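The values are calculated or read from the model by the stated rules, or taken from the named source; none is laboratory data. Please read these numbers as outputs of a predicted model, since none were measured by experiment. Here the Cβ positions follow ideal geometry from the backbone for every residue, glycine too, while neighbour counts run over all protein chains shown.
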């Protein structure tokens, strides 16, 4: 077997054992709310998005509410998520397109999803997978990007190139779940700064394990002794 494929299989097996309940944590009650929440989650924590949507989804109940709302009013509602002007513009424009072009229902294909303002492959993958169970790719967010590089599943930095590398290494049946396995691991163990390699279930298969300042310093002290 290709060593990279074998490596990917080991990683997925261990992550499944460590995070058996890995899934999306954004709150939503319908497909449109899912898209809104995912757009808001860009450069924002899921926790903060859920705080904002608790009020947002009570005030705007239907797609028409988003079509008809005044942009300034909507901007203030989502302001805590950051980049609120751009997010408001994309969400409201998407609402109009969904109503006028897609009959009030979110598209069911990647090709159509990425026609929506502000929707690239990551957002489309998350929405298609969680709304319809349709898997056309792998959603690459900041955690997936960081871990894929540390695990040397890719050498790329561009999300779409990372996605293509992962799709070649990972069986399609695991594409959807992989995103949430890596996100959970990235939040709890393989954090951006000072990852907890000593607690990591992947530390015997990860090329980057213990190659971080606090571990290198500890190893240097042991060597001097």
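Before moving on, here are some points about what is shown:
- Filter result for residue 100 (modelled with pLDDT of 95 or more, under 22 Å from residue 55 (Cβ atoms), more than 19 Å from the chain's Cα centre (by Cα) and surrounded by fewer than 14 Cβ atoms within 10 Å (Cβ to Cβ)): no
- Those helices (runs of 4 or more DSSP H) lying entirely in the stretch 127-225 with at least 2 residues modelled with pLDDT of 95 or more and surrounded by fewer than 20 Cβ atoms within 10 Å (Cβ to Cβ): 142-150, 159-169, 175-188
- Matching residues in the stretch 108-121 - criterion: being surrounded by fewer than 23 Cβ atoms within 10 Å (Cβ to Cβ) and more than 20 Å from residue 60 (Cβ to Cβ): 108, 109, 110, 111, 112, 114, 115, 120, 121
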